Amino acid sequence: MPAVNLARLGEESVQTWGEYVSLAFEGREWTNVEQQRAANRFAHALRRLGVDVGDRVVVLLPNCPEVLQAYAGILKAGGVIVPVVFLLRPDEVRHILADCEAKTVVTASAFLDKIEGFTGPVVLVGESADGGWEALIAGEPAAFSTVDRRDDDLAVILYTAGTTGRPKGVALSHGNLAANARATAELYELDRTAWALMVLPLSHSYGLTVMNAGNILGTKGVLMRWFNPEGVLETIQRYRVESMSGVPTMFVYLLNHPEAARYDTSSMRLWGSGAAPLPLEIVEPFERTFGGRILEGYGLTEASPVVSAHRLSGVRKLGSVGQALPGVVVAILDDDDRALPAGELGEVCVRGPNVMQGYYRMPDETARTLRAGWLHTGDVGRLDEDGYLFIVERKKDLIIRGGFNVYPREVEEVLYAHPAVAEAAVVGTADPVMGEEVVAFVALKPGAGADPDTLIAFCQARLARYKCPREVRVVDTLPKSPIGKILRKELRSRV
């Protein structure tokens, strides 16, 4: 296959599908041609700002059309995109700016405090004055000659929060992201003219692949600035949306929304779930309430990010994250990096063209994660005889109580089965006798009541005693990452 420049995916989309409405956002619609022209103008503006081939450009914004246009413009100019979640703390953002040696920042005036001390050019979206996006691109030509890039040239640095320390940059090439987008596109079975709902942050690797795959498939999306349950339901009803990719927390919020029954979601066919384990207890009531099928997949930023998924027309195995994408190999390895047979638990390892180049300027960390041709994910899982992958737990989340392994997800599934529980997370805490003890945090459904003793007794009736929480803490909400993943690391710090 010839070299793929991600910037050309959008250009090829126009050649393949012609001009069509590809994006809707807060009452305005954009065609794919309009998006390309805006990206071309921004590429010219970047040149004027001194951005050269290989320079890093930070984009620090919530979802909006300008994010998509900026990404495409940066790639056209031969630059490297550094997407940053706008919810990060100022010290985290400043670390990223310094670590990637950013040449330019695209942000909004509301986030200027987070880039304090940055001395390069700053482009402000939502501003028409000097230094603002509108003024910057207004006079630029609508055509741009895209810079050629090789498959192994750096395209994106995505900073991911590690288990300890500061965010580390995952270096993804044009070839990595293009391979993942093409493999993901191969699984698409819906009508390309039907609307999809884009609610995941475009600053996340999941959002990047949805964008790239959308160019390949010629699909169209309704973009939301950020997730809120009522907005999701209103948008599905208004646009007759057929698909949405999200994280389990979003589906829990939708299911527990008190006004959910008021909205018509009968158009929905596919809810894609990823980034965190899907509580199986919510699948049946969710599908009964909203229609469509929830299909769980698995990925990580280091794999660009999708590793496995279910097909809409294929067999769904609840609890599984589907089969490996085309061109991707998944193996379960033991502690000596030997492959284990079907059914046995070990570390989930990945090989394929989607695997990252490494951690940006972190050779030791890269060497620990990329070994013997495999990406070591740090996840514990198993493969069945049909090649379906089951994720059991993160290695670091495993609790060893009195010599017995306790997998938090197993305990969480039982807690989710309690009618009063909306969300649950289980962590280990040091214990002088047992080594570790099991502690559960739960948030209750609106208007529901359940005390810790009741929840412990509920677990004891359904689990072996050594797996049951010694302590249950009822909280208003569970801490979450910007994409909505429950942060066990923060909960561990509380105990």
Cα gyration tensor of region 62-119, axes a ≥ b ≥ c as square roots of the eigenvalues: rounded (a/c below 1.5), prolate (a/b > b/c) or oblate? oblate
0 to 90° range, to nearest 10: angle between helix 90-100 axis and the chain longest Cα axis: 60 degrees
If you restrict to DSSP beta bridges whose two residues both lie in the chain, what percentage is antiparallel, to the nearest 5? 60 percent
Quick one: order Glu471, Glu259, Glu436 by neighbouring beta-carbon count within 10 Å, fewest to most. Glu259, Glu471, Glu436
Extension gain Val21-Lys480, at 0.36 nm per residue separation less the Cα-Cα distance, in nm? 161.8 nm
Taking the beta-carbon count within 10 Å as an exposure proxy, list Arg470, Arg401 from fewest neighbours to most. Arg470, Arg401
Using alpha carbons only, how many degrees (0 to 90, rounded to 10) separate the axis of helix 205-217 from the longest principal axis of the chain? 60 degrees
Ala261 to Glu287: extension gain in nm, 0.36 nm per residue of separation minus the Cα-Cα distance? 8.1 nm
Grab the DSSP H runs of the chain that are 4 residues or longer, score each as -39,500 (n - 2.57), total them, divide by all residues and round the 222 nm result to the nearest 500 deg cm²/dmol. -8500 deg cm²/dmol
Exposure proxy check: Leu463, Leu6, Leu254 ranked by fewest other beta carbons within 10 Å? Leu463, Leu254, Leu6
Which residues does the label zone of Arg465 cover in region 383-404, counting backbone N under 17 Å from a point 7 Å along Cα→Cβ? 401-404
Quick one: compute the contact order of the chain, relative version, from alpha carbon pairs under 8 angstrom and 6+ residues apart, as a percent. 11 percent
Would region 398-494 count as rounded, prolate or oblate if I go by the C-alpha gyration tensor, calling it rounded below 1.5 in a/c and otherwise prolate when a/b exceeds b/c, oblate otherwise? oblate
Rounded if a/c is under 1.5, else prolate if a/b beats b/c, else oblate: with a ≥ b ≥ c from the C-alpha gyration tensor eigenvalues square-rooted, which is region 5-92? oblate
What do you get for the angle between helix 6-17 and the principal long axis of the chain? Use alpha-carbon atoms, 0 to 90 degrees, nearest ten. 80 degrees
Within region 126-199, which GluC sites (Glu not before Pro) sit in a loop by DSSP and count at most 12 neighbouring Cβ atoms inside 10 Å? Glu189
Could you order the peptides 298-311, 383-396, 206-219, 138-151 from most to least packed, using the average number of other C-beta atoms within 10 Å per residue? 298-311, 206-219, 383-396, 138-151
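Coordinate-derived values only; no laboratory data. Please read all numbers here as calculations on a predicted model, not as lab measurements. All Cβ positions, glycine included, derive from the backbone under ideal geometry; neighbour counts span all protein chains shown.
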